[in-house]
Amino acid sequence: MRSFGPLGPWLVTRDEVPDPQKLDLALDLNGTRMQTGNSSTMIFSVAQLVSYISKFMTLMPGDVVTTGTPPGVGMARDPRVFLKEGDKLALTVAGLGTQHHTLVAE
């Protein structure tokens, strides 16, 4: 499915992110801030994740390990918020940039 787990259009290399545990993260839905967080609050650090995963598989340059999401997911809100066709998302990692996506019906 083309719309699942969008990445890019570019990925950054390790030298472009001095400390992956100090990244401010945000998600806006239709112009409203829904999620805010920092990678410093991850349950397991990037180093711990890479170490653990490496015990079971060989990680190669360019591999992507997706983790989770900052607090504020729609399903946990009251009232709940679910994405719908036409919604506009802006996902930001401070210092790296913002991705913009519009949801379309499959």
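The values are calculated or read from the model by the stated rules, or taken from the named source; none is laboratory data. Treat the numbers as computed from the prediction; the structure is a model and nothing was measured. Don't worry about glycine lacking a Cβ; one is built from the backbone with ideal geometry, like all the others, and counts go over all protein chains shown. For the accessible areas, the whole protein counts, side chains as well, though only heavy atoms, and no ligand, DNA or RNA atoms are used. Shrake-Rupley method; radii C 1.70, N 1.55, O 1.52, S 1.80 Å.
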Query - Flag for residue 57 being touching a residue at least 12 places away in the same chain (Cβ under 8 Å) and of a type in the set (A, V, I, L, M, F, W, C) - result: no
**Report entry** Residue count, the range 60-71 (criterion: without any contact (Cβ under 8 Å) to a residue 12 or more places away in the chain and under 17 Å from residue 36 (Cα atoms))
**Finding:** 0
Query raised in the report: Can you name every residue in the range 30-48 that is in a strand (DSSP E or B) and open to solvent by less than 60 Å² (accessible area, probe 1.4 Å)?
Result: 34, 35, 37, 38
Requested in this report: Please specify each residue of the range 91-105 satisfying the condition of being of a type outside the set (A, V, I, L, M), more than 15 Å from residue 34 (Cβ to Cβ) and open to solvent by less than 70 Å² (accessible area, probe 1.4 Å).
Outcome: 97
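Kindly establish whether residue 75 is open to solvent by 70 Å² or more (accessible area, probe 1.4 Å) and not in a loop (DSSP other than H, G, I, E, B).
yes
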**Report entry** Test result for residue 42, touching a Ser or Thr at 6+ places or on another chain (Cβ under 8 Å), farther than 19 Å from residue 97 by Cβ and among the hydrophobic types (A, V, I, L, M, F, W, C)
**Finding:** yes
Query raised in the report: Is there any pair with a first residue in the range 72-90 that is touching a residue at least 40 places away in the same chain (Cβ under 8 Å) and a second that is of a type in the set (Ser, Thr, Tyr) whose Cβ atoms are under 7 Å apart and which are 6 or more apart or on different chains, and what are they?
Result: 72/36; 88/102; 90/98
Report task. Using the structure shown, decide if residue 66 is modelled with pLDDT of 95 or more, in a loop (DSSP other than H, G, I, E, B) and not aliphatic (A, V, I, L, M). Result -> no
Report summary line: residue 58: passes all of (1) within 17 Å of the chain's Cα centre (by Cα); (2) polar (S, T, N, Q); (3) modelled with pLDDT of 90 or more but (1)
Requested in this report: Go through (1) surrounded by 10 or more Cβ atoms within 10 Å (Cβ to Cβ); (2) outside any helix (DSSP H, G or I) one by one and return the number of the condition residue 51 breaks.
Outcome: (2)
